[in-house]
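In what follows, a structure is listed as structure tokens, so that the remarks can point back to it.
Every number in this text was worked out from the coordinates using simple rules, so none of it is lab data. Note that the coordinates shown come from a computational prediction; the quantities given were computed from them, not determined experimentally. Here the Cβ positions follow ideal geometry from the backbone for every residue, glycine too, while neighbour counts run over all protein chains shown.
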């Protein structure tokens, strides 16, 4: 079976990106901003840790578990998985990527890390660097790739080779995101415990 035949299918059968999911994403961001404005340390910490766990866990799962599994799937199974996963990921990951550093910045401010001297200053610089890399990869590559693959799969005759190439790079970047997430956990553990 050709790649093109394996990924073909009617557009009507495929899940769609539902713009109503923007409401849930915006609601989660609004709750985070409200809690930050209230300066409720416990709730900010809870939101930061929970969103960070979800973001990191998803990155690690996608990069090191789902990615290798997807490489071994036949093209039709891969298409079915991607067309169901991408419409959710388009909202899920950017929301977590906004909430986690927003709450983290508020915590750093409340704990005095934004004005900290040596050695905390350099730990904070490493946080900014890691967040910059994560943001560039997420906004500049992963989100556009999600959308490109999703819209390619919705075509009457999707380009299977293009999808394979995009997903191969996507999985690699997701694995790098996982490594960066582990690095930021190390930095956060250092800042939280002072070790």
Can you give the angle from 0 to 90° between the axis of helix 41-61 and the longest principal axis of the chain, with both taken from C-alpha atoms, to the nearest 10? 30 degrees
So, in nm, how far is label residue 185 from label residue 31 when the simple model puts each one 7 Å beyond its Cα toward the Cβ? 2.3 nm
Taking Cα atoms, how many degrees apart are the long axis of helix 143-153 and the longest axis of the chain, rounded to 10 and kept between 0 and 90? 20 degrees
Starting from the Cα of residue 161, step 7 Å along the direction of its Cβ; do the same at residue 21; then give the gap between the two resulting points in nm. 3.0 nm
Evaluate the Debye formula for segment 87-195 with equal point scatterers sitting on the alpha carbons, no solvent, and hand back log10 of I(q)/I(0) at q = 0.14, 0.16, 0.17 Å⁻¹, in q order, two decimals. -0.65, -0.77, -0.84
Spin-label pair residue 132/residue 38, simplified geometry with 7 Å Cα→Cβ offset, distance in nm: 3.5 nm
Computed FRET efficiency, Cβ-Cβ of residue 148 and residue 123, R0 35 Å: what is it to the nearest 0.05? 0.45
For the chain, what is the calculated [θ] at 222 nm in deg cm²/dmol (nearest 500), taking -39500 (n - 2.57) for each run of four or more DSSP H residues and dividing by its residue count? -26000 deg cm²/dmol
Most mobile listed residue (116, 25, 97) in the chain, GNM with C-alpha springs under 10 Å: 116
From the C-alpha gyration tensor of the chain, square roots of 5λ in Å: 37, 19, 11
Using 0.36 nm per residue, how much length does the chain from residue 110 to residue 50 gain when fully extended, once their Cα-Cα distance is taken away? 19.8 nm
